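Notes follow the structure.
The values are calculated or read from the model by the stated rules, or taken from the named source; none is laboratory data. Worth saying up front: this structure is predicted, and the values here are computed from it rather than measured. Please note: Cβ atoms are built from the backbone with ideal geometry, for glycine as well, and neighbour counts cover all protein chains shown. In case anyone asks, the SASA skips ligands and DNA or RNA and just uses the protein heavy atoms, side chains included. Shrake-Rupley method; radii C 1.70, N 1.55, O 1.52, S 1.80 Å.
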Amino acid sequence: MNPPRFVPGHVPPARTREACLLFAARGLELLVAEREGTPTVPSGAELPSLLEGAHFLGTLEGRDCYAVAYPKELEPPPGMKLVTARGLFMVLDDVWLGVAGRALAIAEWDVTHRFCGRCGQPTGLVPGERARRCPACRTPYYPRISPAIIVLISQGERMLLARASSFPDAFFSTLAGFVEPGESLEETVLREVKEEVGLELKNLRYFGSQPWPFGRSLMVGFNAEYAGGDVRVDGQEIIEAHWYTIDALPRIPPPLSIARRLIDAFIAQVQASRQAGGR
């Protein structure tokens, strides 16, 4: 068995940081260097002034990885630029994209919890933990993860795909939404689908999960079957939704996303069923 390409960690190793991969983040943007037309993550030696406050993420393909917030007042160095994380979606593979997403979350946590939200005192890092703690009231602050659900709804050989108002491009995807306090994941699926397209569901089944850097969330995927109702979009989050067969699909999300994995799995399921039936 091949060793994992990324090994997570939070305790920095006792070795020089100059050769590390330094993921410098500003909001949902990442600082990258352009080499032969391809965006690459800079090394610590290229950004020495940022190394001291960087947070260890783990090792990626044998190289140490650190995350750090890129100051708002700094312009990118020559040969580098800030790009949106979504802009890296078609450039990096899933492992590199996962580390980049982890870096965005850690950098944001470090910036937004420099002061205690309860008493206003400066916080300090907790040795051996991924945490900041207030020395006055002892309140701890950990990186925030916002759980969200995503669900593919099927009816026989058809699946429901929708276009959200927030999508930058005119593509159709599965339905998704954030978990509210007091909800189970299953309750969130039923509520979101009812609110967004007015449908009832049955046979809800867990599919898989994926860390998602856009919103610092964890996407939890489900499959479900249509149980009743007519498609009625809410007109706010969802502006269009239709039933599609695998033979006539609209533009769908790119590979690597859990939405695409849900769609591809359904396509494979229908194709296997057709072959078994001799069609």
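Computed quantities for the displayed model
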{"item": "Residues Thr84 and Ala14, FRET efficiency given R0 of 41 Å [Cβ-Cβ distance, rounded to 0.05]", "result": "0.75"}
{"item": "Dipole magnitude (debye, nearest 20) for the chain, charges at Cβ of Lys, Arg, Asp, Glu", "result": "580 debye"}
{"item": "5 angstrom amide H check on Ile238, placed H, neighbours 5+ away", "result": "Ser165"}
{"item": "On Cα atoms only, tilt of 258-276 relative to the major axis of the chain in degrees", "result": "40 degrees"}
{"item": "Counted charge near Val179, where neighbours are those whose Cβ lies closer than 11 Å (Asp, Glu -1; Lys, Arg +1)", "result": "-4"}
{"item": "Cα pair distances in the chain, grouped into 10 Å bins until the bin that holds the longest one, percent each", "result": "6, 24, 28, 22, 15, 4, 0, 0"}
{"item": "Per residue, in Å², the accessible surface of the chain once ligands and nucleic acids are set aside, probe 1.4 Å", "result": "52 Å²"}
{"item": "For a label point 7 Å along the Cα-to-beta-carbon line of Phe171, residues of region 226-264 with backbone N under 16 Å", "result": "249-264"}
{"item": "Accessible surface, 1.4 Å probe, highest first, among residues Asp110, Asp264, Asp94", "result": "Asp94, Asp264, Asp110"}
{"item": "Degrees between helix 94-112 axis and first principal axis of the chain (Cα, 0 to 90, nearest 10)", "result": "60 degrees"}
{"item": "Size-normalised alpha-carbon gyration radius of region 53-124, reference 2.2 N^0.38 Å", "result": "1.30"}
{"item": "For Gly235, net neighbour charge (Lys/Arg +1, Asp/Glu -1) across residues whose Cβ lies under 14 Å away", "result": "-3"}
{"item": "Protein accessible area in the chain, 1.4 Å probe - carbon and sulfur %", "result": "53 percent"}
{"item": "Whole-Hz couplings from phi, Karplus 6.51/-1.76/1.60, listed for region 118-131; x for Gly and Pro", "result": "9, 10, x, 6, x, 8, x, 5, 9, x, x, 9, 8, 7"}
{"item": "Distance between modelled label sites at Glu183 and Ala265, nm, 7 Å Cα→Cβ extension", "result": "2.0 nm"}
{"item": "Exposure of Arg205 as accessible area (Å², to 10), given a probe of 1.4 Å and all protein chains", "result": "100 Å²"}
{"item": "Calculated [θ] (222 nm, deg cm²/dmol) that DSSP helices of n ≥ 4 give over the chain, each run adding -39,500 (n - 2.57)", "result": "-6000 deg cm²/dmol"}
{"item": "Largest-first ordering by accessible area, 1.4 Å probe, given options Tyr141, Tyr226", "result": "Tyr226, Tyr141"}
{"item": "Ranking by accessible area, most exposed first, for Glu34, Glu75 with a 1.4 Å probe", "result": "Glu75, Glu34"}
{"item": "Helix 185-197 vs. the chain, principal-axis angle (Cα, 0 to 90°, nearest 10)", "result": "60 degrees"}
{"item": "P(r), alpha carbons of region 76-199 - 10 Å bins starting at zero, rounded %", "result": "10, 24, 29, 25, 10, 2"}
{"item": "Area of Ser166 that stays accessible when all protein chains are in place (1.4 Å probe, Å², to 10)", "result": "90 Å²"}
{"item": "Signed unit charges on C-beta, dipole axis of region 97-213, positive-most listed residue Pro211, Gln121, Gly177", "result": "Gln121"}
